[in-house]
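Undergrad: Questions regarding the structure given below will be posed in turn.
The values are calculated or read from the model by the stated rules, or taken from the named source; none is laboratory data. What you see is a predicted model; the values in this text were computed from it and never measured. Neighbour counts are summed over all protein chains in view; Cβ atoms, including those assigned to glycine, are modelled from backbone coordinates with ideal geometry.
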Amino acid sequence: MAEAAHDGPRGSGPLVGGIQDVPAGRENDLGAIELARFAVAEHNTKAHGRIQQGGRNFDAGISLVINEMQNALLEFERLVKMRLQVVAGCMHYFTIEVSEGGAKKLYEAKVWEKAWENFKQLQEFKPAA
């Protein structure tokens with residue numbers, strides 16, 4: 001019964017709009033890697049903005065802000081896994097390996113893309129469970 005909920009008509013495949021795993025090797029696709037790098041860069045930009053705003057509340061602000069910024073910035077290492085959902089465009093679900101202060105960590109990101117409009121937006125970025 002649970003399988004039928006994921007299958008299209010007569011078991012022809014996943015329902016339109018469902019999140020699907022992409023074929024093996026797609027994590028090496030340059031377009032996918034570019035979107036995963038975009039997710040990390042957007043996260044860093046947002047984290048940098050939050051740290052700057054928070055740093056203004058401290059008397060010893062500047063050194064604290066610099067230390068927190070260095071710890072908050074992530075460096076893209078590789079795209080580990082990718083899933084895709086067709087919406088008004090495509091929602092890309094990435095598992096990304098990053099370097100954070102020299103330590104390798106996994107994060108999950110969700111990027112909404114409408115290629116025909118040259119639109120991409122980071123929807124979510126969080127440590128992998």
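Undergrad: Here are some conditions: (1) at pLDDT 95 or above; (2) more than 16 Å from Glu27 (Cβ to Cβ); (3) among the polar types (S, T, N, Q). Asn44 meets all but one. Which one does it not meet?
TA: Of (1) at pLDDT 95 or above; (2) more than 16 Å from Glu27 (Cβ to Cβ); (3) among the polar types (S, T, N, Q), only one is false for Asn44: (1).
Undergrad: Hey, another quick one. Scan region 23-40 residue by residue and report those that are over 15 Å from Ala109 (Cα atoms), surrounded by 12 or more Cβ atoms within 10 Å (Cβ to Cβ) and at pLDDT 90 or above.
TA: Selection gives Asp29 alone.
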